[in-house]
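To start, the structure under review is shown below, and the notes come after it.
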Amino acid sequence: HPTADSVVAYKKAVEAEKIVAEQERQRKLAKQARTKAAHEKLGDEFTIPALNLEMIWVEPGTFTMGSPTTEADRGKDETQHKVTLTNGFYLGKYEVTQSQYKAVMNHNPSKFKSENRPVEMVSWDDAIEFCDKLTEIQRKAGRLPEGMVYSLPTEAQWEYACRAGTTTAYSWGDSITTDNANYRSSGYSQTRDVGLYDANPWGFFD
């Protein structure tokens, strides 16, 4: 039989769990409120001054992440599952270009140099540093709404925006040609300027 002490300890543990759950709920609500306020201030699209870096708003929603087992060239880690994004977010309309990266980081590490080509030869740490510095610059200039930062998208955010409401292998369909993208068999041995191919249904390029 449970002792009086064990009953009291159990009740305290339950109460502690309730407190933690309520704190988490309040944290999520606060984040949603900050995100909504930022969206109302910035609108569906905005451009970061001086960099000409365009951002597009992505509404929250649910999608099927991963690929069906019948899809060609499917990876073993692409098990399909439902994912719900409760907060909207902004994502760059194009890749970060070399000129944009250099303006923030003061150097250009890219192998295939050209101002309007995407920056490459950067590590994950480099990308994080770029986001942190961009956040600092925009915050000091008073152009960043409270609670907002520039960061890398999560894997779920990335796939959600890339799919743009589609369920095919690519946002344009199930097959790929050299008219769709620059890839290994497209005939180019280097990067190309951003925005040369059609945007997906939500307006994201490349």
Determine the sum of side-chain charges near residue 71: Lys and Arg each +1, Asp and Glu each -1, restricted to other residues whose C-beta is under 14 angstrom from that of residue 71. -2
Using the heavy atoms of the protein chains and a 1.4 angstrom probe, tell me the accessible area per residue for region 138-188 in square angstrom. 67
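Normalise the Cα radius of gyration of region 30-97 by 2.2 N^0.38 Å (N = residues in it) and let me know the number.
1.48
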From the mean inverse distance of alpha carbon pairs (Kirkwood) and the Cα radius of gyration, derive Rg over Rh for region 63-165. 1.04
Which longest run of the chain has no exposed loop site in it, a site being trypsin sites (Lys or Arg not before Pro) in a DSSP loop with at most 16 other beta carbons within 10 Å, and the site itself not part of the run? 1-73
With eigenvalues of the C-alpha gyration tensor scaled by 5 and rooted, the chain, Å: 38, 25, 16
Options 14, 205, 119, ranked by Cα towards positive dipole end of the chain, top entry (Cβ charges): 14
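So with the 1.4 Å probe, I'd like the accessible area per residue for region 13-133, rounded to whole Å².
That works out to 64 Å² per residue.
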In whole angstrom, the spacing between the Cα centers of region 10-42 and region 87-103 equals 29
With all protein chains present, calculate the accessible area of residue 53 using a 1.4 Å probe and round the result to the nearest 10 Å². 10
Which value in Å is the Kirkwood Rh of region 1-121 over different Cα pairs? 19.5
Considering only protein heavy atoms and a 1.4 Å probe, what is the carbon-and-sulfur percentage of the accessible area of the chain? 52
Summing -39500 (n - 2.57) over every DSSP H run of at least 4 residues in the chain and dividing by its residue count gives a helix-only mean residue ellipticity at 222 nm, to the nearest 500 deg cm²/dmol, of -12000 deg cm²/dmol
Rg(Cα) of region 139-206 divided by 2.2 N^0.38 Å? 1.44
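The values are calculated or read from the model by the stated rules, or taken from the named source; none is laboratory data. From a predicted model like this one, the values you see are computed outputs, not experimental measurements. Neighbour counts are summed over all protein chains in view; Cβ atoms, including those assigned to glycine, are modelled from backbone coordinates with ideal geometry. These area figures cover heavy atoms from the full protein model, side chains too; ligands, DNA and RNA do not enter into them. Shrake-Rupley method; radii C 1.70, N 1.55, O 1.52, S 1.80 Å.
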